[in-house]
Every structure is written in C-alpha cells, then in structure tokens.
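Any read-out appearing in this document is the output of simple, stated calculations on the displayed coordinates, not a laboratory observation. Quantities reported herein were computed from a predicted structural model and do not represent experimental measurements. Neighbour counts run over all protein chains shown; Cβ positions are idealised from the backbone, glycine included.
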Amino acid sequence: MAMLPRLRPRSFYDFVVEVSIVRPCPITGGMVHPYLRCKNGEENATYLHPSLEPVLKKMLGILFFQEQVIRLAMGAADYTPDEADQLRRDMADWNVTECGLYPAW
C-alpha cells in the first residue's frame, strides 16, 4: 500500500510491476529506487548494450521477471530456448548468501 502513491499506477501492468518489486530480492538488490526514478522521469533508462533494450524497455532497464532472463539469454547470447530456461532455473537456485547476487524473483 505504501508503494501506490510512489508508483502511481495507470494501467494493469503497473500493478503487476508493483507486486513484483515489493518482494525481498528486488528491494535488497537495489532495483526499486532506480525503477521508480525512471518511472517518475527523474532518470533515463540505461542499457548496457543495444541488444538488451527490446527486452528491458518495458521495465525501464530493470530486470524483474524470469521471462526477461529467458529472452535476454536467447536474444543477446544466442541460447536455445532449453538453454535459456536452464539458466533461469539455475539462477533461481542461487544461494544469495554465498554469491551476493540477487535474482529479481
């Protein structure tokens, strides 16, 4: 509820995003504030490579969804669909305390 005034949802997709960003991994991974700054026009979305923009544009350059991992692996790294799905599953199994990385889901 505290996020509603900050996100100012205008569409159903905005609600989907809100549900996604109020989970522990996006919060501890530092993804919430950059998304909100881009959403509110305080910053521009940035992409490490032009090939990432089609996948990350809708989320303003922030990786939130597992489906984005699959699309990135297939589009930017030429993974097969099976290889991309295996990458997604492997990322979901990361031990956050060991590697210090936070998958968004």
Counting Lys +1, Arg +1, Asp -1, Glu -1, what net charge surrounds VAL32 among other residues with beta carbon under 15 Å of its beta carbon? +1
How long is the gain from ASN44 to PHE12 if the chain were fully straight, where each residue apart is worth 0.36 nm and the alpha carbon distance is subtracted? 9.3 nm
Cα extents of the stretch 1-54 along the principal axes, largest first, in whole Å, come to 35, 24, 20
Limiting things to C-alpha atoms, what are the Rg and the maximum Cα-Cα separation (Dmax) for the stretch 23-64, in angstroms? 10.3, 29
Give me the percent relative contact order of the chain, please, defined on Cα pairs under 8 angstrom at least 6 residues apart. 27 percent
If packing is taken as the average count of other Cβ atoms within 10 Å, what order do 41-54, 23-36 fall into, highest mean first? 23-36, 41-54
Per residue and in Å³, how big is the convex hull formed by the alpha-carbon atoms of the chain? 109 Å³
